[in-house]
Amino acid sequence: MPARRRRLAQSVAATVVAGVMLAGCGNQPASNSTEAPAAAAADPKSAEGAKGNVTLCGGKDASGIHKNTTAAFNKANPGMTAKYTEIGSTTDESRTQAVQRLEGKSTECDIFMTDVIWTAEFASQGWLLDQTELIDGIKDRLIPSTTESAKYDGKYWATPFYTNAGLIYYQKDKVAKPETWQQLYEEAAKAPGNGLVYQGKQYEGLTVNFLELLYSAGGEVLDDAGEVVVDNDTTRKVLEFMAGGIKNGSADRAVLTYSEDPTRLAYESGNFGYQRNWPHVYRLLNATKMAGTFGVAPLPSFDGSSKASGVLGGWNFSISAHSTNPGAAVAYINFATSPDWQKHVAMDNSQAPVNEAAYSDPDVVAKMPFAAELLDSVKGAKPRPVSPVYPQISQAINKNVYAVLSGEATADEATKRMAEEIETAKATF
Ligand code: GLC
């Protein structure tokens, strides 16, 4: 049995025992069965009368959304106290921190904020409570792709909090609203202050930035049957395009060190024309002297020949199988995903709600004028490959994209290596 799968079987068995005792729910491991027993489930009724502390663990709260949500929850629920603990500044760091705690069966975090790409891995390891009953009660009002991101093996392992789709911020006085990536790169190279900033550091953000161009150019990493199909001319074309942009100055070379926050801060210097980033940047940028000077556009198409497509991002609430207060965790999730609080997600933090009705609410549109375009972007965004070994697949992508951008490999070498390393990653599960 491969090491990972063995670990999975052991971990699921351990989780069921712990989860049943702690969550106090009735799932019993099937006796005399050779199958791994079902993981314990979060009980929707456990929120009634819940009290005590609930700790959420997640990435850096750059937009302030968790600060606002915990404060509002605590005000509305005098018997409970929610606290947000930051465990990493990029999604990669937060995952490492979360995995360490989950493998060590730590009870520190009741809820982990899980990136949409972690569901398969975390669920298959038996680290989470099954949230199928919770989701079944609310999924009719949520954007389908967001609940889909919480699904693995026919069950829901998380409840989506906010979704995400990449946007282009552009300086209206310097550059045009982009229709194609080619036009954006051309405009960006015209004058020193027109350049593009994006997430080019070697981490998940670079995987996303690359896939946004690849998907828009009609490319893919895995096909519907899960076969690796990345070794082709579309991939080479996109890699050459991105590397050319760094060489000719369309994109500042410093992007090779940027994750989301450094990208935003660089753009706030006023020295750039375009920024690729997520919707939360809208509110933060509006709080600077740049308020009123920038436009927000959906991601462009690749060269006009295929439809623009983004990559679906977003963060979900997962309840740790080792939570000592799953009732309060469920209460928190109910609060944060309620139609009313979902409006605040957009109005106060310019994050993309998962509750679809929020996008056409007049209060939301007043604060977030691009709400309709954002909903279109979210609905048009494609998921990243779904796999329990996604982190390794992504590393194979961002490592090789980075090698081309930094001039260490040709597009052809990197494409071949990317495909080989994705095959190797897949073979480990
Ligand atoms: C955002 C997205 C997340 C993505 C990450 C990449 O946090 O919501 O899905 O993986 O950016 O840096």
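For a straight C-alpha distance cut-off of 20 angstrom, the lysines reachable from Lys289 (same-chain residues fewer than eight places away being disregarded) are Lys172, Lys174, Lys367.
How tilted is helix 339-349 with respect to the longest principal axis of the chain? Cα atoms for both, answer in degrees (0 to 90, nearest 10). For 339-349 against the chain, the angle is about 40 degrees. Based on C-alpha pairs under 8 angstrom that are at least 6 apart in sequence, the chain has a relative contact order of 24 percent. Once backbone amide H atoms are built at 1.01 Å from N, Gly314 has Val116, Asn164 as its partners under 5 Å, excluding neighbours fewer than 5 places away on the same chain. Determine, at each q value in 0.17, 0.30, 0.32 (inverse angstroms), the log₁₀ of I(q)/I(0) that the Debye formula gives when each Cα of region 314-366 is one equal point scatterer. Debye output, listed in q order: -0.57, -1.14, -1.23.
The simple spin-label model puts a point 7 Å past each Cα toward its Cβ; for Asn248 and Asn286 those points are separated by 3.5 nm.
On a full-extension model of 0.36 nm per residue, what is the gain between Glu227 and Lys45, subtracting their alpha-carbon distance, rounded to one decimal in nm? Let's see the in-between values first.
Numbers: separation 182, 0.36 × 182 = 65.52 nm, distance 4.17 nm.
Once the chain is fully extended between Glu227 and Lys45, it gains 61.3 nm.
Ordering of 360-368, 230-238 by packing is 230-238, 360-368, highest average first (other Cβ atoms within 10 Å, averaged per residue).
Of the accessible area of the chain, computed with a 1.4 Å probe over protein heavy atoms only, carbon and sulfur atoms account for 50 percent.
Does region 294-429 classify as rounded, prolate or oblate by the C-alpha gyration tensor (a ≥ b ≥ c root eigenvalues; a/c under 1.5 gives rounded; else a/b over b/c gives prolate, otherwise oblate)? Note, shape of region 294-429 comes out oblate. Solvent exposure of region 62-172 amounts to 37 Å² per residue of accessible area, where only protein heavy atoms count and the probe is 1.4 Å.
When you have a sec, figure out the Kirkwood radius of region 100-205 from all distinct Cα pair distances and drop it here in Å to one decimal? Mind dumping the intermediate values first?
Values: mean 1/r = 0.0579 Å⁻¹.
Final number for the Kirkwood radius of region 100-205 is 17.3 Å.
By the compact-protein rule of thumb, 2.2 N^0.38 Å, the alpha-carbon radius of gyration of the chain corresponds to a ratio of 0.98.
Every helix of 4 or more DSSP H residues in the chain counts as -39500 (n - 2.57), and over all residues that averages to -13500 deg cm²/dmol at 222 nm. The angle between the Cα long axis of helix 3-23 and the longest principal axis of the Cα atoms of the chain comes to about 50 degrees, rounded to the nearest 10. Applied to region 60-76, the Karplus parametrisation 6.51 cos²θ - 1.76 cosθ + 1.60 on θ = phi - 60° returns per-residue 3J(HN,Hα) values of 4, 7, 4, 8, x, 5, 6, 4, 5, 5, 5, 4, 5, 5, 5, 5, 7 Hz, with x for Gly and Pro. Tell me whether region 41-127 comes out rounded, prolate or oblate; compute the Cα gyration tensor, take square roots of the eigenvalues as a ≥ b ≥ c, and use a/c under 1.5 as the rounded threshold. Verdict is oblate for region 41-127.
Dividing the C-alpha radius of gyration of region 175-278 by 2.2 N^0.38 Å, with N its residue count, gives 1.10. Taking amide H atoms as placed 1.01 Å from N in the peptide plane, the amide H of Ala82 lies under 5 Å from those of Val54, Asn74, each 5 or more residues away in sequence or on another chain. Partners of Lys416 within straight-line reach, counting lysines whose Cα lies under 17 Å from its Cα and excluding those fewer than 8 residues away in the same chain: Lys237, Lys399, Lys426.
Calculate the FRET efficiency for Glu413 and Thr180 from the Cβ-Cβ distance with a Förster distance of 30 Å, rounded to the nearest 0.05. If you can, show how the numbers build up before the last one.
Numbers: r = 27 Å, r/R0 = 0.91.
The computed FRET efficiency comes out at 0.65.
The values are calculated or read from the model by the stated rules, or taken from the named source; none is laboratory data. Given the structure is predicted, the values throughout are model-derived calculations rather than measurements. FYI the Cβ positions are ideal-geometry reconstructions off the backbone, even for glycines, and counts take in every protein chain you see. Just the protein is used for accessible areas: all its heavy atoms, side chains included, with ligands, DNA and RNA removed. Shrake-Rupley method; radii C 1.70, N 1.55, O 1.52, S 1.80 Å.
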